[in-house]
1. Can you list the HN-Hα couplings for segment 316-333, worked out from phi with the Karplus curve (6.51, -1.76, 1.60; θ = phi - 60°), rounded to whole Hz and with x for Gly and Pro?
2. Semi-axes of segment 209-357's equivalent ellipsoid from the Cα gyration tensor, sqrt of 5 times each eigenvalue, largest first, rounded to whole Å?
3. Given the convex hull of the Cα atoms of segment 55-140, what is a quarter of its surface area in nm²?
4. Give the cross-link partners of K352 among the lysines, using a straight C-alpha distance below 17 Å as the criterion and excluding same-chain residues fewer than 8 apart.
5. Enumerate the helices in the chain for which the Kyte-Doolittle hydropathy averages 0.0 or more and the C-alpha atoms extend at least 20 Å along the helix's axis, using complete DSSP H runs.
6. About the Cα centre of segment 2-356, what is the dipole size in debye to 20, counting +1 per Lys and Arg Cβ and -1 per Asp and Glu Cβ, all else neutral?
7. Which one, G345, S14, H318, projects farthest toward the positive side of the charge dipole computed for the chain from Cβ point charges (K/R +1, D/E -1)?
8. Where the centre of each part is set by its Cα atoms, how far does segment 107-135 sit from segment 183-226, in angstrom?
Amino acid sequence: MEMTFRWFGTGHDSVTLENIRQIPNVTGVITTLYDVPAGEVWELGDILKLKSEVEAAGLKISGIESVNIHDSIKIGSPDREHYIDNYITTLENLAKAGIHMVCYNFMPVFDWTRSDLAKRRPDGSTVLSYDQELIDKINPEEMFKQIDGNSNGFVMPGWEPDRLAKVKELFERYKDVDEEKLFCNLVYFLNRIRHVCEEYNIKMAIHPDDPAWPVFGLPRIVNNKENILRILSAVDSEFNGLTMCTGSLGSNPNNDLCDIIRAAKGRIHFAHVRNLIHHAPGKFDEAAHLSKDGSFDMYEIMKTLYEIGFNGPVRPDHGRMIWGEVAMPGYGLYDRALGVCYLNGLAEAIEKAGRAR
Ligand code: DNO
């Protein structure tokens, strides 16, 4: 496993590459060209510039999160061909720059959703949290404004302001897209990019839906073992893989995370390892990475990843906001760095115990 850290790029992140370099065992970043809207080509020159910046800081680009998918591809409208062609050019350019892992999601309109970006815990730290009852009371546009207004001045991934202008129109365009249609559009997309991924050895890692159930009546298809296996087998090639995001899949307590890891063996190209606390169905708070702080057994998760031979990039995920840090909610330096140290400890113990057996 390669320990990595998400970095949104200069001007978009309060965390610097120099900060990241000093976190023990982190050798790479997971990054993006944050300013390029979904559907546009990532120019090779821009990718190379980003790569030099990262390498000058003594790190490497271990993968991209995300190259976002244009809604026309998810909806399956005729103009999807143009956007898929652009996606293919972006993939070629990334491969030419030596980048071979791409995380993306197939959630309609929105990316991940939370009802509170700074819920206070008894120790004074704040966390992201989700409560279906609160979500049911607001409409998507209000949701958008809330996220935008509570993100400490940062643009949250998946909640870029240009999307707000199109929310109403997008809901209209999705009205005939049910789960089956969304699934077929994903398979169509994967088949169209297959040749370039196989030729350049690009690993595509689809991110699960977060939370792992439909929100605002929009269909969601990457939310449990059965649906994930269906996607992996529909285009049965190694390039078509998964981002094993424990927090997203684990939002539904019926998902057995270790069972999903075992079932997706060989097709997990990227792992997001974080913890959360379940309160009731549809209601959870994010937590520190430590098992004891939440509902997941982080030792078992790391051990299962180790046992299936997962050797791709892993990163801590959303952290609490602690020690007065002001940063993008979920993406401060301190608690994610603590998360890395904890995951490092688990990994070392698991590996040494494995060798001793
Ligand atoms: C949120 C992230 C998501 C994720 C995308 C992947 O914090 O986990 O925005 O990056 O869904 O495309």
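Values quoted throughout were computed directly from the atomic coordinates according to the rules given, and no laboratory measurement underlies them. If you're wondering where the values come from, they're calculated on a predicted model, not measured in any experiment. Note that we place each Cβ from the backbone using ideal geometry, even for glycine, and neighbour counts take in every protein chain shown.
1. Ordered by residue, 3J(HN,Hα) equals x, 10, 2, x, 6, 9, 10, 6, x, 5, 10, 7, 5, x, x, 10, x, 7 Hz.
2. On the way: eigenvalues 112, 96, 37 Å².
Semi-axes (√(5λ), whole Å): 24, 22, 14.
3. One quarter of the hull surface, i.e. the mean projection, equals 9.4 nm².
4. Straight-line reach from K352, under 17 Å: K303.
5. Details: long enough: 80-96 (24 Å, -0.86); 179-200 (31 Å, -0.22); 334-356 (33 Å, 0.04).
Helices passing the filter in the chain: 334-356.
6. Details: 38 positive and 52 negative charges, 132 e Å.
Dipole of segment 2-356, to the nearest 20 debye: 640 debye.
7. Comparing the listed Cα positions along the dipole, G345 ranks first.
8. Between the Cα centre of segment 107-135 and that of segment 183-226, the gap is 24 Å.
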